[in-house]
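Here's the structure we're looking at; comments come further down.
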């Protein structure tokens, strides 16, 4: 996540109905590092205890939420506004995915341009007047036969892509106990040779024309396992134990 982002996008919920849905949307926001929430005429009034309870730790997002009487007021200080909708509209607007929107929003942040994303009512979504306030429509690519998202899911879909657009999470790495280390090639060769001797003795590699390919496959398979020195010793102990039972 870009710690130097000047203007992360604000999330605007237009006439949300249930306090629980507002709370879950706030939780989705904070999961992704967003904390600026604006509410346009929440149906059940504000403040809302159900929203606070459903926020599950995102209480500050709820407490800092700003209330507006109409979408125009909520967007007044913003320079670029996105509107989310799954339905086609009879107007000329750019349509982007959440991923494309995230890249654009990051570019706006770098220019200190304030952005916001409009989300509509749970039952009907945004109306055309709401959409008209926006510069661009965000449409989440979903199953065409069932594109329905609840409010928190829609917020998360957009917020997550914003978070991932400039993710600085460290690449995955192998973590191992301090008591061991990655096996070296000599130790691996010793394991391979030990296994192959025992497989020769038990007759598994008896077909000589197939033996080179079988040995190569076994070595490749074990080589891909990124074995530690301790694991090599354990496997050699397993081989010895199995062979004692013959």
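Of note:
- Long-range Cα-Cα pairs in segment 51-121 (distance over 20 Å), rounded percent: 48 percent
- Considering only alpha-carbon pairs that sit under 8 angstrom and 6 or more positions apart, the relative contact order computed for segment 1-101 is 27 percent.
- A convex hull fitted around the alpha carbon atoms of segment 185-244 yields 72 Å³ per residue.
- Degrees separating the helix 19-31 axis from the principal Cα axis of the chain, which is the longest one: 50 degrees
- Among 158, 10, a tally of other beta-carbon atoms within 10 Å of each Cβ gives an order, fewest to most, of 10, 158.
- 0 to 90° range, to nearest 10: angle between helix 229-244 axis and the chain longest Cα axis: 50 degrees
- Neighbour-count ranking [beta-carbon atoms within 10 angstrom, fewest first] of 117, 95, 61, 140: 95, 140, 61, 117
- Mean separation of Cα contacts under 8 Å (6+ apart) over length of segment 10-165, as relative contact order %: 32 percent
- Relative pair counts by distance (%), Cα atoms of segment 1-132, 10 Å bins: 12, 43, 36, 8, 0
- Highest average packing first - 148-156, 185-193, 17-25, Cβ atoms within 10 Å: 17-25, 148-156, 185-193
- Spatial extent of the chain: Rg and Dmax, with the Cα atoms as the point set, Å: 28.7, 84
- For the chain, the longest principal axis of the alpha carbon atoms and the long axis of helix 98-110 meet at an angle near 70°.
- Separation in nanometres of the label points that stand 7 Å from Cα toward Cβ, at residue 129 and residue 70: 0.6 nm
Values in this text are rule-based calculations from the coordinates and carry no lab data. Treat the numbers as computed from the prediction; the structure is a model and nothing was measured. Note that each Cβ is placed from the backbone with ideal geometry, even for glycine, and that neighbours are counted across all protein chains shown.
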